[in-house]
Structure formats: C-alpha cells, structure tokens
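The structure appears below as structure tokens.
The values are calculated or read from the model by the stated rules, or taken from the named source; none is laboratory data. Computed from a prediction, not measured in an experiment: that's the story for all the values here. Ideal geometry is used to build each Cβ from the backbone, glycine not excepted, and the neighbour counts take in all protein chains shown.
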Amino acid sequence: MHRTTDESTQAAADFARRIVPCLQADLGPELLGAYLMGSLAHGGFSRRYSDIDIAVVTEAGLSTRTLDRVRSRATVLSPEWGSRLSVFWTNRHFSLGRFPPLDRVDYLDHGVALMEHQRVRPTRPSREEIQRYLADAPFANWAASARRFGSAEILDPKDRKVFLRTLLYPARFCYSWMTGRMASNDDAVAFLREKCPAPLDLRLIIAALQCRQGDADPDPLFPSRTSLPSQIEACATLLAGQASTG
C-alpha cells in the first residue's frame, strides 16, 4: 500500500532533519543554518520523483571532504532517501559553492529552517539575472536531454525520472523566466494555464504533471516525445524575447 503524499513529505522532511546533527558535528559554530528547499519547502513533493533539497549556509563554505562525509552518512541513515539528497551550499556572503541565482530566490521565498544560528539574506537576484542564468546551462542541458529523448526509440526504465522532468521543465522554465521566481510544478503549470507562450504544448505538460502527481510510470507519454523539438523551439522563442502570450 502506498503512503499518502503528506506521509511521504513528512518522512522525507524527518530524514532531512536527521542530517542536521551530521552537519553540526562537522561544522560546529561554522554552521549558520540548514534549510529545506525545493518541493519539500514550496510544495508538490513526490515520493518517487522528488529529490531532497537542503541548503547549507556556513561561515566559509563546505569542503569536499565534509560534503562527501555528509552524503555518506545520509546513505547510512537511509539508502532510499540518502541517494536523493541534493545539497546547496555557500558561505555567508553567497560568494562560494553551489547556490545558483534561482535557488537563492527559492531560499529567500520558501526556505524552511531545519536549524538556524543566524539568518543570512543574500541580495535578491533580479529577473534579468534569473533570465541570464536560465538562458545559459539550464536551457542548454534541458534542450540536450529533450533532443536525446526526442530521437530515442525506447524509454529505458532507468531514464523514467529524467524523461518526466524533461517533459515538465518548460513549465518551470517559463514561470521563472516570466516572473523571476521559483514555484512548484503544480503552481508553474497553473500559471501557464493563464499565461502560456502560444507555441508551447501545454497539454503535454499537464499530462506529465498528472503522471508525477500519481507517482506513475511515464511510459504512456513516450509517444509524445516527438513534440519535444517543438517545446525547445517554444522556449527558445521566449528566451529570445519574441514570444506572445495567450
């Protein structure tokens, strides 16, 4: 019997809280705060498809050794959850580490404290900064994944999670591009129902969201992979500032 979404969210959050003593043991007073981010913070957590995103803010950042040790301990605590732990980290000036602009917005708007010695608030990235970030590696990486699936003959079971994320990404991309904010998949799709860039295939995105919400296999959506090149073009048009809304 599958646990409900609320139970899964609580179990994942409880696991994240158990990571905090590991951070405290390694960092001591250097640890300024640890926070839930992503779907555990802003909603829409999926037991099957979501990562467990934790933000770690310290005086001077995290060493590779400390980060590896935390990940190793996380896997010991729970092989299931530990393999899905994603750590965003930085120093008090937000000048080091892994903390892209869009995730800084997520931290500012949605971060839920697991522990907090001192709340550090970075300068909020502007919408233009968010757009420059999205137009670089995030768009290129998604487009490469979309092209790969678009030309694939079969969907390997190990690629189901990546395939579903590839189908859903245009919603998150367009929402953040147009607003400069971060939102759940549910909220991003709801936003696009009202303000969808005209060339985008919203029906495919909605079908992917329903699949995610049901923790279902995305295999029935695989024939729609032929729409992915058009989704790339639609997002590229928005990126170029040429898309109309409707």
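Among residues that are in a helix (DSSP H, G or I) and either among the polar types (S, T, N, Q) or under 16 Å from the mean Cα position of the chain (by Cα) (or both), Leu102 is included.
Of note, Gly111 does not satisfy the criterion of being of a type in the set (Gly, Ala, Ser), more than 26 Å from Ala188 (Cβ to Cβ) and at pLDDT 95 or above.
If you go through region 45-74 and keep only what is touching a residue at least 40 places away in the same chain (Cβ under 8 Å) and in a helix (DSSP H, G or I), you end up with Thr66, Arg69, Val70, Arg73, Ala74.
I want to confirm something. Restricting to region 83-110 and keeping residues that are out of contact with any strand residue (DSSP E or B) (no Cβ under 7 Å at 6 or more places or on another chain) and of a type in the set (S, T, N, Q), which single residue is nearest to Glu128 (Cα to Cα)? Restricting to residues being out of contact with any strand residue (DSSP E or B) (no Cβ under 7 Å at 6 or more places or on another chain) and of a type in the set (S, T, N, Q), the top hit is Ser95. Checked against (1) of a type outside the set (Phe, Trp, Tyr); (2) over 14 Å from the mean Cα position of the chain (by Cα); (3) under 19 Å from Asn141 (Cα atoms), Pro170 passes all but condition (2).
Residues that are within 22 Å of Arg132 (Cβ to Cβ) and touching a Pro at 6+ places or on another chain (Cβ under 9 Å) do occur in region 146-165, at least one of them. For region 100-120, the set of residues classified as surrounded by fewer than 19 Cβ atoms within 10 Å (Cβ to Cβ) and within 18 Å of Leu62 (Cα to Cα) consists of Pro100, Met115, Glu116, His117, Gln118, Arg119, Val120, listed by residue number.
Close Cβ contacts (under 9 Å, 6 or more residues apart or on different chains) running from residues in region 79-90 that are at pLDDT 95 or above to residues that are basic (Lys, Arg) and in a strand (DSSP E or B) comprise Val87/Arg98; Phe88/Arg98; Trp89/Arg98; Thr90/Arg98. With the structure loaded, tell me whether Ala188 is crowded, with 18+ Cβ neighbours inside 10 Å, closer than 29 Å to Ser227 by Cβ, touching a His at 6+ places or on another chain (Cβ under 9 Å) and not assigned by TED's automatic domain parsing to the domain that holds Gly28 or whether it fails that test. No, not satisfied. In region 75-99, of all residues being of a type in the set (S, T, N, Q) and assigned to a strand (DSSP E or B), the one that is surrounded by the fewest Cβ atoms within 10 Å (Cβ to Cβ) corresponds to Ser86.
If you go through region 111-146 and keep only what is within 24 Å of Ile205 (Cα to Cα) and either in contact with a strand residue (DSSP E or B) (Cβ under 8 Å, 6 or more places away or on another chain) or among the polar types (S, T, N, Q) (or both), you end up with Gln131, Asn141, Ser145. Here Leu67, Leu108, Leu32, Leu102 are screened, and the one residue that is in contact with a helix residue (DSSP H, G or I) (Cβ under 7 Å, 6 or more places away or on another chain) and not β-branched (Val, Ile, Thr) is Leu102. Residues that are under 20 Å from Asp103 (Cα atoms) and either small (Gly, Ala, Ser) or touching a His at 6+ places or on another chain (Cβ under 8 Å) (or both) do occur in region 67-88, at least one of them. Close Cβ contacts (under 7 Å, 6 or more residues apart or on different chains) running from residues in region 151-179 that are over 14 Å from Phe222 (Cβ atoms) to residues that are part of a helix (DSSP H, G or I) and not hydrophobic (A, V, I, L, M, F, W, C) comprise Leu168/Asn185; Leu168/Arg212; Pro170/Gln231; Ala171/Asn185; Arg172/Asn185; Trp177/Gln131.
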